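The structure appears right after this line, and notes come after that.
The values are calculated or read from the model by the stated rules, or taken from the named source; none is laboratory data. Note that this is a predicted model, so its numbers are computed, not measured. Virtual Cβ from ideal backbone geometry, glycine too; neighbours counted across all protein chains shown. Just the protein is used for accessible areas: all its heavy atoms, side chains included, with ligands, DNA and RNA removed. Shrake-Rupley method; radii C 1.70, N 1.55, O 1.52, S 1.80 Å.
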Amino acid sequence: MGLRIAAFNHLLNQHPEVRADLALHAGRRIAVTLPPFDLAGVVTADGWLAACEGEPEARLRLKHGVALAQLAGREPALADIVLEGDTELATEVGRIVRRLQWDATEDLSRVVGDVAANRVQGFVRGLFGIKGEIGGRLLENWIEHLREEAPLLARKQDVAGFVAAVDELREAADRFDKRLALLEQGQQPG
């Protein structure tokens, strides 16, 4: 959880105005969930998120449509956002989180310098399109989550094994029906 909070605080560091708005909720326990990621903590007086014990007062559950809408540059559907607990607080947290966007070029410039970071950004956008790159990685993570963490998608070998087991069960049931029919015929008066 510490790494997730550190990443969230890093995003907040890139947006001081957002952090100031979050600071208005100091002392409140919040959580934001976008499977497979779950982030929870308490808001500090400086607008950071810190680890804490206990249940969050408000939870913002985001469905994967929210991330896809962000990548497409459009508003997410209301059905993709579920507010739990203190809905007023969850709504405000949603407004705040919505304004966070990662400035990858800024982070890269600290490592390689401004000129090199801008060149890398231009190369990536020209080669893949930044939305396509991020979207591809997000889609891979999402599919992995649906297969491993919340098994909504099955692997081919799992489906094949299930189908084989059903066929075997069906054949065993047919054999049982035939044996039962033979036993019933043998017990009839006659």
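Data for the structure
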quantity	calculated
Single residue of Ala7, Ala45, Ala26 found to be of a type outside the set (Phe, Trp, Tyr) and not in a loop (DSSP other than H, G, I, E, B)	Ala7
Any chance Ala58 is small (Gly, Ala, Ser) and surrounded by fewer than 17 Cβ atoms within 10 Å (Cβ to Cβ)	no
Unique residue being farther than 18 Å from Arg99 by Cβ, hydrophobic (A, V, I, L, M, F, W, C) and either open to solvent by less than 40 Å² (accessible area, probe 1.4 Å) or at pLDDT below 90 (or both) when the list is Ala69, Ala40, Ala45	Ala40
Residues being under 15 Å from Asp80 (Cα atoms) and assigned to a loop (DSSP other than H, G, I, E, B) - total across segment 48-69	1
Condition check for Ala90: under 20 Å from the mean Cα position of the chain (by Cα), assigned to a strand (DSSP E or B) and surrounded by 16 or more Cβ atoms within 10 Å (Cβ to Cβ)	no
Selected residue [loosely packed, with under 13 Cβ neighbours inside 10 Å and at pLDDT below 90] from Leu24, Leu11, Leu3, Leu34	Leu3
Arg137 modelled with pLDDT under 60 and under 14 Å from the mean Cα position of the chain (by Cα)	no
Residue under evaluation Glu53, criteria (1) surrounded by 18 or more Cβ atoms within 10 Å (Cβ to Cβ); (2) of a type outside the set (A, V, I, L, M); (3) over 18 Å from Arg99 (Cα atoms), criterion not met	(1)
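This table checks each residue for (1) among the β-branched types (Val, Ile, Thr); (2) closer than 16 Å to Arg98 by Cα.
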position: Ile5; (1), (2): yes, no
position: Ala31; (1), (2): no, yes
position: Arg61; (1), (2): no, yes
position: Val82; (1), (2): yes, yes
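Here is a yes/no grid of residues against (1) of a type in the set (A, V, I, L, M, F, W, C); (2) touching a helix residue (DSSP H, G or I) at 6+ places or on another chain (Cβ under 6 Å); (3) modelled with pLDDT of 65 or more:
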position	(1), (2), (3)
Ala50	yes, no, yes
Gly85	no, no, yes
Val93	yes, no, yes
Val97	yes, no, yes
Thr105	no, yes, no
Asp114	no, no, yes
